[in-house]
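Read through the structure below, which is laid out as structure tokens, and then see the notes.
The values are calculated or read from the model by the stated rules, or taken from the named source; none is laboratory data. Note that the structure is a prediction, hence the values are computed from the model and not measured. Here the Cβ positions follow ideal geometry from the backbone for every residue, glycine too, while neighbour counts run over all protein chains shown.
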Amino acid sequence: MSKRNRKRNILLSILAGIVGICLVSILLNKTYRTTFESLPETDRLMLTELSKLYNNFEQSSDQLWNEDYRFDTKPLLLVRTTKDSGLIRSEGFAVNVPMQEGIFAEEIKMPESMGLPKVYRISRFSPTTLSAWFPANFGTLNLKGIETMYFKYYPKMFSDPTLYFNFSTFLLHEGFHIFKQKDWTYDTNGAEHIDNYPVNEENYALMGIEFKLLDQAMAENNPQRIQQYLRDWTVVRNYRYYKWPQLIGETKAEAIEGSARYLEYRYSKLTGGNLMVLATKQEPYHVTFMQAYDFIANGQAESPSFLERSVRYETGAALELTMDKANLPWKEAIEDVPGKKPGITPYEILSNYFKMNDLTTIESQLGEIKEVYDYDALRKQGAKIVKQVNIE
């Protein structure tokens with residue numbers, strides 16, 4: 001046999017092997033483990049969590065975002081992998097997609113008590129879901145003519161999840177970005193990005209006052225007192241933006257990421273979970289903003305870069321949670337509807353509510369706030385943060 005024929009035969013053998021693997025996989029998807037009870041443990045855990053999530057949205061969507069946002073009706077493809085951003089994937093489970101049994105799809109018989117819509121297992125080799133092989137945790141693809149979110153889950157999400165990366169929490173957060181915030185424009189053209197970030201002790205000290213005020217607002221239940229803390233917070237935030245206008249990007253991140261994180265916290269509270277602002281795995285299951293601030297200043301925890309964007313997930317959620325407690329309407333205002341209504345950020349909602357538009361008045365009120373919240377001590381902590389930034 002010539003060398004050329006040998007290469008061709010090897011190639012044909014490889015192709016035949018690939019075709020064989022695909023055919024066996026497609027056949028098994030149609031005939032093997034087609035009931036909930038017979039599925040692998042990780043798949044059963046995922047569908048059980050999904051059932052719980054859907055039931056809570058069906059019964060209490062107004063306690064999560066509002067009555068109009070029904071995550072339990074959104075089209076999903078849940079894909080099992082072995083790890084975070086896993087490249088090697090198994091079959092996927094399509095929910096809220098008008099599938100029919102076919103070559104690549106098989107309906108899984110589910111217990112009625114779980115209250116799920118029809119669940120179809122989709123072959124890993126279905127041409128319409130090939131993009132879900134990419135090493136990404138989530139994205140969108142077209143399934144039966146519908147833009148569908150695909151989301152990857154893996155065993156660690158159920159056995160020992162990293163904070164914010166258990167199945168329900170992570171799915172809710174990214175699903176909110178994809179479904180609810182699809183037309184929000186806060187992060188368009190890098191609006192969250194901050195050029196020339198003011199690395200100086202004054203900025204960090206004022207940020208410390210903001211954190212103290214948020215801590216007090218989070219711990220308080222009296223709506224009038226919460227409103228006062230939020231009013232003082234708005235004074236400080238306004239001054240920071242008058243002095244460093246580029247920081248406005250903070251509030252864009254608070255709107256986008258803070259709102260998605262807010263939904264996580266609302267769901268955790270509704271279901272009796274421990275997830276709360278600045279969550280930890282140990283009791284009391286969170287730290288305060290000032291504890292986080294002092295950890296950073298003293299070189300005991302996160303890099304100072306945490307204060308530039310990552311903390312806005314938490315400050316955004318905290319502002320929204322405290323506006324709830326203070327009975328301040330904000331959800332309609334924050335929703336961005338291009339061509340109809342521009343949304344405004346939590347900061348802008350509060351600034352409008354408290355009618356903050358006069359710099360002289362703001363500076364006068366800021367002086368009083370500085371005295372109450374020991375600004376001099378915060379400047380010393382701010383100087384430590386500056387030192388650490390320069391070291392990095």
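Looking at segment 59-98, which of the residues that are under 14 Å from Thr129 (Cβ atoms) and of a type in the set (Gly, Ala, Ser) is surrounded by the most Cβ atoms within 10 Å (Cβ to Cβ)? Even if it seems obvious, please write down each step before you answer.
So in segment 59-98, the residues under 14 Å from Thr129 (Cβ atoms) come out as 75-81, 89-95, 97.
Next, only the ones that are of a type in the set (Gly, Ala, Ser) stay: 90, 92, 94.
Working: Ser90: 20, Gly92: 26, Ala94: 30.
Only one residue fits best here, namely Ala94.
What are the residues in segment 307-354 that are outside any helix (DSSP H, G or I) and within 21 Å of Tyr229 (Cα to Cα), if any? Talk me through it step by step, then tell me what you get.
Initially, segment 307-354 is screened for residues outside any helix (DSSP H, G or I), giving 308-310, 326-330, 335-345, 354.
Ala326, Asn327, Leu328, Pro329, Trp330, Ile344, Thr345, Phe354, listed by residue number.
Which of the residues that make up segment 358-379 are within 13 Å of Asp294 (Cα to Cα) and exposed (fewer than 12 other Cβ atoms within 10 Å of the Cβ)? First the steps, then the outcome.
Kept after step one, since they are within 13 Å of Asp294 (Cα to Cα), are these residues of segment 358-379: 377-379.
Correct list: Ala377 only.
If you take the residues in segment 99-131 that are within 22 Å of Ser51 (Cβ to Cβ) and of a type in the set (A, V, I, L, M, F, W, C), which one is surrounded by the fewest Cβ atoms within 10 Å (Cβ to Cβ)?
Met114
Can you spot a residue in segment 288-300 that is in the same structural domain as Arg237 (by TED's automatic domain parsing), of a type in the set (D, E, K, R), over 20 Å from Ile248 (Cα atoms) and part of a loop (DSSP other than H, G, I, E, B)?
Step one: filter segment 288-300 for residues in the same structural domain as Arg237 (by TED's automatic domain parsing), giving 288-300.
Still in the list and also of a type in the set (D, E, K, R): 294.
Of the ones still in play, those that are also over 20 Å from Ile248 (Cα atoms) are 294.
Filter again for part of a loop (DSSP other than H, G, I, E, B), leaving none.
Scanning segment 288-300, I find no residue that is in the same structural domain as Arg237 (by TED's automatic domain parsing), of a type in the set (D, E, K, R), over 20 Å from Ile248 (Cα atoms) and part of a loop (DSSP other than H, G, I, E, B), so the answer is no.
Among the residues of segment 269-287, how many are under 26 Å from Arg70 (Cα atoms) and either within 13 Å of the chain's Cα centre (by Cα) or in a loop (DSSP other than H, G, I, E, B) (or both)?
7
Search segment 135-150 for residues that are without any contact (Cβ under 8 Å) to a residue 24 or more places away in the chain and pair each with any residue that is hydrophobic (A, V, I, L, M, F, W, C) and outside any strand (DSSP E or B) when their beta-carbon atoms are under 9 Å apart and the residues are at least 6 apart or on different chains.
So the pair list comes out as Gly139/Ala132; Gly139/Ile178.
Yes or no: segment 82-94 includes at least one residue that is outside any strand (DSSP E or B), in contact with a strand residue (DSSP E or B) (Cβ under 7 Å, 6 or more places away or on another chain) and modelled with pLDDT of 95 or more.
no
Looking for whichever is touching a Pro at 6+ places or on another chain (Cβ under 7 Å) and in the same structural domain as Phe138 (by TED's automatic domain parsing) here; the options are Leu77, Leu87, Leu53. Which one fits? So that I can check it myself, show each step before the final result.
Details: Leu77 fails: touching a Pro at 6+ places or on another chain (Cβ under 7 Å); Leu53 fails: touching a Pro at 6+ places or on another chain (Cβ under 7 Å).
The unique qualifying residue is Leu87.
Mind counting the residues in segment 164-193 that are of a type in the set (D, E, K, R) and farther than 18 Å from Gly139 by Cα?
Here the count works out to 1.
Out of segment 100-127, which residues are over 12 Å from Lys30 (Cα atoms), outside any loop (DSSP other than H, G, I, E, B) and either more than 27 Å from the chain's Cα centre (by Cα) or among the acidic types (Asp, Glu) (or both)?
Lys109, Glu112, Ser113, Pro127
Does segment 242-274 hold any residues that are over 30 Å from Asn166 (Cβ atoms) and either free of Cβ contacts under 8 Å to residues at least 60 places away in the same chain or surrounded by 16 or more Cβ atoms within 10 Å (Cβ to Cβ) (or both), and which are they? Outline the logic, then answer.
Restricting attention to segment 242-274, the residues satisfying the condition of being over 30 Å from Asn166 (Cβ atoms) are 242-248.
The answer is Lys243, Trp244, Pro245, Gln246, Leu247, Ile248.
What are the pairs, 6+ residues apart or on separate chains, where a residue within segment 162-176 that is within 17 Å of Val95 (Cα to Cα) and outside the structural domain of Met276 (by TED's automatic domain parsing) has its Cβ under 9 Å from a residue that is surrounded by fewer than 20 Cβ atoms within 10 Å (Cβ to Cβ) and of a type in the set (Asp, Glu)?
Note: pairs meeting the criteria are Phe167/Glu49; Ser168/Glu49; Leu171/Glu49.
Looking only at residues in segment 130-145 that are assigned to a helix (DSSP H, G or I) and hydrophobic (A, V, I, L, M, F, W, C), which one is nearest to Arg70 (Cα to Cα)?
Taking segment 130-145 as the starting set, the residues that turn out to be assigned to a helix (DSSP H, G or I) are 130-133.
This time we only want the ones that are hydrophobic (A, V, I, L, M, F, W, C), so: 130, 132-133.
Working: Leu130: 27, Ala132: 24, Trp133: 28 Å.
Ranking the candidates gives Ala132 first.
Restricting attention to segment 146-203, which residues are surrounded by 13 or more Cβ atoms within 10 Å (Cβ to Cβ), more than 13 Å from the chain's Cα centre (by Cα), of a type in the set (S, T, N, Q) and not in a loop (DSSP other than H, G, I, E, B)?
Thr148, Asn203
Given (1) over 22 Å from Ser61 (Cα atoms); (2) not in a loop (DSSP other than H, G, I, E, B), identify the lone condition not met by Asn357.
Going through (1) over 22 Å from Ser61 (Cα atoms); (2) not in a loop (DSSP other than H, G, I, E, B) one by one, Asn357 breaks only (2).
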